[in-house]
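Report on one structure; see the data block that follows.
The values are calculated or read from the model by the stated rules, or taken from the named source; none is laboratory data. As the structure is a computational prediction, the values presented were derived from the model and not from experiment. We place every Cβ from the backbone using ideal geometry, glycine too, and count neighbours over all the protein chains shown.
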Amino acid sequence: MSLVLNIFTIIAVLAGTFFFLAGTVGLLRFPDTLTRLHALTKADNLGLGLVVMGLLPQAEWPFDVIKLIAIWLFTLLAGATVGQLMAQAARRGQPTP
Amino acid sequence: MTLALAVDISLTLLVLAVAGWIIAVRDTFAAVIGFVAYGLLLALIWVRLAAPDVALTEAAIGGGLTGALLIGAAGRLRKTEAATRAEYPGVLIRTLAAILAVTVAAALAVGVLALPDPAPTLAPAAVASLATTGVGNPVTAVLLAFRSMDTLLEAIVVLLALLGVWSLAPDRAWGGYPGPRHHADPDGILAYLARFLPPIGIIVGLYIFWIGADLPGGKFQGATILAAMWLLVIEAGLADTPPISRTWLRVLLVIGPLVFIAIGFAGSITAGAVLAYPEGYAKPLIVAIEIALMPTLVLTLALLVAGTPQRMPPQ
Amino acid sequence: MRWVKRMTIPDFLLAAAVFVLVMVALGLVRILRGPTDADRMMATQLFGTGGIAALLLLGVAMEVKAVLDVALTLALLAAFASVAFVQGASRSDGDDPKETNSQ
């Protein structure tokens, strides 16, 4: 059973780190602000989400599990909000000197 | 274990790179972003050094509130930044500054490296006397029993810093509202976040405050979260900062240090020394001080970020 | 598959923490390139999330339970700091940062 959970952890955390890699590559390589924002939000939501999911089997029930999920939900909420605010800023978007 | 060593080396290189960045980069905004990243890396390093108490403080103060404070300052400086760049100091002054900085850093490095091994520590003594305080977290015991003088002065210093910020107010705005009035679309995403997040944030802040007795946490970290939630509501335009002439505000600003000082002097009668706690009453008194300091710290930290008074109430 | 046997879960999590951290740190290069403030803030946002992920991985690997509270604090304050960043950057435009209702 614990082997199954450990394999689950490894797969989910690997998937999460992949999204952080993708987010960084997107942030550096994508051509304009809005596409970069797309890359960022993927890393934000899925990267951390998968890492949290992978860590769940290793955490203690109930409080540590609740805390882990809460951390992800806070980041989701903040990411969604800041994403919209940044898109608005980008639309006003003037390159800074 | 070589993997752990690799982790530590990567963290060290990263934090040095970010530190170098903060110094080298010309744009204030980029430097502030670097500083926030630096705070986050420091928190990670404190975790690696098995000091979660310090990591928590660094995460709260270094990343969150200081970042907001600095970005506000950077925003204000932007208009005048180009003008200050024109009077960039000459090579001589920059060389002297560099020499001074390197000397200070070298002296610190020598001081740290010259420490005897094992370094002198009072940690075993502190842990041995932990039971007399009734507190479970040795860091809290040190901060509020063994070295409570430091904590008292710390609480007064942040208050003095706030007075310093207020003293920059123009005469016509004295007693008025700190900072600009924020406006945001009341149906927009920011107002939504400012309605949704603070209730949860207040619970988390109180939780961090409450567990401080037994686990890493405490009033400073909890107060930072509460202050941030309040500032979020203010930034979304849902509430305004209170005018600094309000009596309730001034009472709450001094109540923490006053309770601390009162209990401290009571100790000279009941326990034989200033800031000593009578036997058996250590824990309730520590909790009383922490609770009294909480509103003071929340208000002080939030108002420090909010800035100088600059508007009078509409007549 | 022999390396799986040699590598324990904490080792794997430590390695993942460093990988994530190095990745998001590389993203900080975007701050230098800009060109808009929004791009720079994205790098911070990514770094904040990556930092939380690295912190959680590190904490579970080292079995320091207090790390969850650190990450909780960080998650809340990162939300606040990001908003302050967006507000602070738009304030420097000179005019009042009125959010326009454009939906």
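Would you mention how many residues in the range B:59-99 are away from chain C (no Cβ under 14 Å), small (Gly, Ala, Ser) and under 30 Å from the mean Cα position of the chain (by Cα)?
Step one: of the range B:59-99, the residues away from chain C (no Cβ under 14 Å) are B:83-99.
Narrowing further to those that are small (Gly, Ala, Ser): B:83, B:86, B:90, B:97-98.
Cutting the leftovers down to under 30 Å from the mean Cα position of the chain (by Cα) gives us B:97-98.
Counting residues in the range B:59-99 that are away from chain C (no Cβ under 14 Å), small (Gly, Ala, Ser) and under 30 Å from the mean Cα position of the chain (by Cα) gives 2.
The number of residues in the range B:186-195 that are within 12 Å of A:LEU85 (Cβ to Cβ) and either part of a loop (DSSP other than H, G, I, E, B) or free of Cβ contacts under 8 Å to residues at least 12 places away in the same chain (or both) comes to 3. Candidates in the range A:1-48 are the residues that are β-branched (Val, Ile, Thr) and within 11 Å of the chain's Cα centre (by Cα); of these, the one that is farthest from C:ALA16 (Cα to Cα) is A:THR41. Residues in the range B:209-241 that are hydrophobic (A, V, I, L, M, F, W, C), buried (at least 22 other Cβ atoms within 10 Å of the Cβ) and under 14 Å from B:ILE291 (Cβ atoms) were compared, and the one that is nearest to the chain's Cα centre (by Cα) is B:PHE220. Just to be sure before I move on: is B:LEU96 part of a loop (DSSP other than H, G, I, E, B), outside the structural domain of B:ILE286 (by TED's automatic domain parsing) and out of contact with any Cys (no Cβ under 6 Å at 6 or more places or on another chain) in the structure I sent? Spelling it out, it is not the case that B:LEU96 is part of a loop (DSSP other than H, G, I, E, B), outside the structural domain of B:ILE286 (by TED's automatic domain parsing) and out of contact with any Cys (no Cβ under 6 Å at 6 or more places or on another chain).
Restricting attention to the range A:31-48, the residues that are touching a residue at least 12 places away in the same chain (Cβ under 8 Å) and facing chain C (nearest Cβ under 7 Å) total 7.
The condition of being at pLDDT 85 or above and more than 7 Å from chain C (Cβ to nearest Cβ) does not hold for A:GLY23. Taking the numbered list (1) assigned to a helix (DSSP H, G or I); (2) surrounded by 16 or more Cβ atoms within 10 Å (Cβ to Cβ) in turn, B:SER268 passes all entries but (2).
Of all the helices (runs of 4 or more DSSP H) wholly in the range C:18-103, which have at least 2 residues that are among the β-branched types (Val, Ile, Thr) and at pLDDT 85 or above?
Values: elements: C:29-33, C:37-62, C:66-91.
Filter on the range C:18-103 gives C:37-62, C:66-91.
Those residues that are surrounded by 10 or more Cβ atoms within 10 Å (Cβ to Cβ), hydrophobic (A, V, I, L, M, F, W, C) and closer than 30 Å to B:ALA306 by Cβ, I need them from the range B:76-117; list them, please. Scanning the range B:76-117 gives a single hit, B:LEU77.
Number of residues in the range B:13-54 that are without any contact (Cβ under 8 Å) to a residue 24 or more places away in the chain, assigned to a helix (DSSP H, G or I) and over 19 Å from C:ARG40 (Cα atoms): the value is 6.
Taking the range B:247-265 as the range and being modelled with pLDDT under 90 and either under 24 Å from B:ALA68 (Cβ atoms) or exposed (fewer than 14 other Cβ atoms within 10 Å of the Cβ) (or both) as the test, only B:PHE265 passes. If you go through the range B:161-191 and keep only what is within 14 Å of chain C (Cβ to nearest Cβ) and of a type in the set (D, E, K, R), you end up with B:ARG181, B:ASP185, B:ASP187. In summary, A:LEU28 fulfils each of the numbered conditions (1) over 24 Å from B:VAL204 (Cα atoms); (2) more than 7 Å from chain C (Cβ to nearest Cβ); (3) hydrophobic (A, V, I, L, M, F, W, C) with the single exception of condition (2). Of note, B:LEU232 does not satisfy the criterion of being hydrophobic (A, V, I, L, M, F, W, C), part of a helix (DSSP H, G or I) and more than 14 Å from chain C (Cβ to nearest Cβ).
Yes or no: B:THR224 in contact (Cβ under 8 Å) with a residue 60 or more places away in the chain and either touching a Pro at 6+ places or on another chain (Cβ under 6 Å) or outside the structural domain of B:LYS283 (by TED's automatic domain parsing) (or both)? Considered against the rule, which asks whether it is in contact (Cβ under 8 Å) with a residue 60 or more places away in the chain and either touching a Pro at 6+ places or on another chain (Cβ under 6 Å) or outside the structural domain of B:LYS283 (by TED's automatic domain parsing) (or both), B:THR224 comes out as no.
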